[in-house]
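Single-structure report; data block below.
We did not get these values from a lab; they are worked out from the coordinates using the rules stated. All figures in this text were calculated on a predicted structure; none of them were measured in a lab. Quick reminder, even Gly has a Cβ in these numbers, built from the backbone with ideal geometry, and neighbours come from all protein chains shown.
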Amino acid sequence: MKTEKYYELELFPGINRAALIVKPKKPFFDWLLNTSNEYDKPEDRLKPEMLDTEVPDSKHVYLIPIYDEDKQYNGFLKKHCIEIFNSELNGWYMDPDMWPKDRSWKEFNKWFEYDIQTMVCDMTPEMDIEYDD
């Protein structure tokens with residue numbers, strides 16, 4: 001009789017958050033190039049080819065509450081879309097006067113792709129989570 005050997009798997013603990021992954025789309029990159037041309041010194045201006053090499057797959061991850069239903073996630077996103085929009089813009093230019101005036105839910109969907117992952121695991125549970133100011 002053949003005996004199967006089971007190996008103990010090291011499982012990573014889940015945390016009580018979902019992950020919102022936000023990725024810029026063309027309108028964001030168009031704004032970035034136009035803003036750079038308008039405000040940056042000539043030697044510091046972004047060029048389209050720089051976007052291809054320097055930020056080709058720029059994504060940010062936001063930890064958000066876990067919900068039971070998709071409509072609750074949509075409600076959370078609609079409620080916080082301006083804050084997320086602001087955070088994405090602020091990563092490049094900190095002066096709100098340089099940002100687009102319309103940062104509504106409708107514009108958010110034009111400017112960004114997003115995905116929600118409901119299973120978030122901590123691969124280093126022995127390390128304390130630290131927050132940047």
### Query
Can you give the extra length, in nm with one decimal, that the chain gains between Asn86 and Thr124 once fully stretched, where that is 0.36 nm per residue apart less the Cα-Cα distance?
10.7 nm
## Note on the structure
With a Förster distance of 30 angstrom and the Cβ-Cβ distance between Phe12 and Lys110, calculated FRET efficiency to the nearest 0.05 equals 0.25
## Note on the structure
Expressed as a whole-number percentage, the relative contact order of the chain with C-alpha contacts under 8 angstrom and at least six residues apart is 48
### Query
In nm, to one decimal, how far is the modelled label at Lys101 from the one at Arg45, with both set 7 Å along Cα→Cβ?
2.5
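Based on other C-beta atoms within 10 Å, arrange Tyr93, Tyr131 from fewest to most. Could you put the intermediate results ahead of the total?
On the way: Tyr93 16, Tyr131 4.
In increasing order of surrounding Cβ atoms, one gets Tyr131, Tyr93.
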### Formal net charge of residues neighbouring Ile21 (Cβ-Cβ distance under 10 Å; K, R +1; D, E -1)
0
### Query
What is the gain in length, in nm to one decimal, between Ser58 and Lys79 on full extension, counting 0.36 nm per residue of separation less the C-alpha to C-alpha distance?
5.2 nm
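Can you check what the net charge comes to around His60, using other residues whose Cβ is under 10 Å from the Cβ of His60 (Lys, Arg +1; Asp, Glu -1)?
Details: positive: Lys23, Lys59; negative: Glu88.
So the environment of His60 carries a net charge of +1.
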### Query
Near Ile82, within a Cβ-to-Cβ distance under 15 Å, what is the net charge of the other residues, with Lys and Arg +1 and Asp and Glu -1?
+2
### Summary
Length gained if Asn37 through Met94 is fully extended, taking 0.36 nm per residue and subtracting the Cα-Cα distance, is 18.9 nm
